[in-house]
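Q: Got a structure for you, questions after.
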Amino acid sequence: MRQGGLVAFPTETVYGLGADAFNERALAKIFEVKGRPKLDPLILHVSCFADLAKVSEIDLRDKRLQLLKALWPGPLTLILPKKSTVPAIATSGLPSVAVRIPANPVASALLESFGGPIAAPSANPFSYVSPTTAQHVEAQLGEKIEMILDGGECQIGLESTILSILEPTPKLLRPGGVPLERLEEILGKIEIAGKDSCVLAPGMLPEHYSPRTKLEFLRDINLASLDPKRTGLVLFSRKAELEKLGFASLAILSENGDLGEISHGLFSAMRDLDRLRLDLIVVDSCATAGLGRAIMDRLERAAKRLAPPTK
Ligand code: TXA
Ligand code: MG
């Protein structure tokens, strides 16, 4: 990374594609390798609270920052005022910067030994499902990057929650590993960025997180009209009557609808089913409370997929 190389590494959310946050050529390579539009800014990772000062102008004594500090290291990304020394390409020219302290021993060790901020988007081609194992990264980006650190499966399996504290009322830009309810307990009222929001957060675009196979919700489909032999099913809990229908592939993410188990296994299941090149993936749904908000956000985006099929 000191020579400008790209290193994929595990975090508690998903695998990141890391580069020196102060090396413009390395940052440009991240966009190139992912096929990511330059207007989609990166998240910078730092190893400790004091290191926020390396990327942001914010006063570290800021009241909201002090309250939110309790959630770090963890799956929370904050949008803060950018420090002028951070290259413009990292933030797509925005005056703000996205930053988080990850909670994963491999990520922490990498950040500490590197000694500075590491820019890392999720280590997937733009608009595809985020990787939750080193093998996911290897399969899609292996030949294009210098190294992959294998830390096994990501614990949470969904990306971080993105919260902007640039304005007096904090704004949720992306639901993720830290539930909205937890942020509200700490900060009080939080605005939720709508789909028509003009805030630049391309994670809000509907085509993100998409498998190539068409995906529909179980609640929306007519079971009688589909061919189970050409369909994969993802369940959030056991449903004996559906399990007997002879689906080409069946993934049961939890015995009893546990949201942590569902988020942990969801992206892997979507990738596995996608590889089978079926006609349809049918997926369960859950209430949009706690982690359920991020789970349903990702699935609703995947169901509206715009990515071209590669069959
Ligand atoms: O869990 C995660 O956040 C993972 C791991 C690797 O840390 N990273 C991740 O990065 O999901 P990425 O690049 O896939 O998503 C970053 C999102 C983008 O949608 C981007 O638009 C938004 O963060 N973002 C970055 N900087 C921003 C800014 N200044 N203002 C608003 N949104 C920003
Ligand atoms: Mg991403």
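The values are calculated or read from the model by the stated rules, or taken from the named source; none is laboratory data. None of these values were measured; they are calculated from a predicted model. Ideal geometry is used to build each Cβ from the backbone, glycine not excepted, and the neighbour counts take in all protein chains shown.
Residue by residue, here is whether (1) within 16 Å of ligand 1 (Cβ to nearest atom); (2) within 24 Å of residue 91 (Cα to Cα); (3) at pLDDT 95 or above holds:
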| residue | (1), (2), (3) |
| --- | --- |
| 187 | no, no, yes |
| 197 | yes, yes, no |
| 202 | yes, yes, no |
| 208 | yes, yes, no |
| 216 | no, no, yes |
| 224 | no, no, no |
| 236 | no, no, yes |
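Q: Right, residue 142: modelled with pLDDT of 95 or more, more than 9 Å from ligand 1 (Cβ to nearest atom), within 30 Å of residue 269 (Cβ to Cβ) and assigned to a loop (DSSP other than H, G, I, E, B) or not?
A: When the stated conditions are applied, residue 142 does not pass them.
Q: Tell me which residues, restricted to the range 147-178, are among the small types (Gly, Ala, Ser) and near ligand 1 (Cβ under 9 Å from one of its atoms).
A: 160, 164, 176, 177
Q: Taking the range 12-32, which residues are touching a Ser or Thr at 6+ places or on another chain (Cβ under 8 Å) and within 14 Å of ligand 2 (Cβ to nearest atom)?
A: Matches in the range 12-32: 13, 14, 15, 16, 17.
Q: Out of the residues in the range 132-166 that are more than 16 Å from ligand 2 (Cβ to nearest atom) and among the acidic types (Asp, Glu), which is surrounded by the fewest Cβ atoms within 10 Å (Cβ to Cβ)?
A: Here the answer is 143.
Q: Between 35, 5, which is within 13 Å of ligand 2 (Cβ to nearest atom) and more than 27 Å from residue 178 (Cβ to Cβ)?
A: On the way: 5 fails: within 13 Å of ligand 2 (Cβ to nearest atom).
Of the residues listed, the single one that is within 13 Å of ligand 2 (Cβ to nearest atom) and more than 27 Å from residue 178 (Cβ to Cβ) is 35.
Q: Residues of the range 37-67 being hydrophobic (A, V, I, L, M, F, W, C) and crowded, with 20+ Cβ neighbours inside 10 Å, which ones?
A: 42, 43, 44, 46, 52, 55, 58
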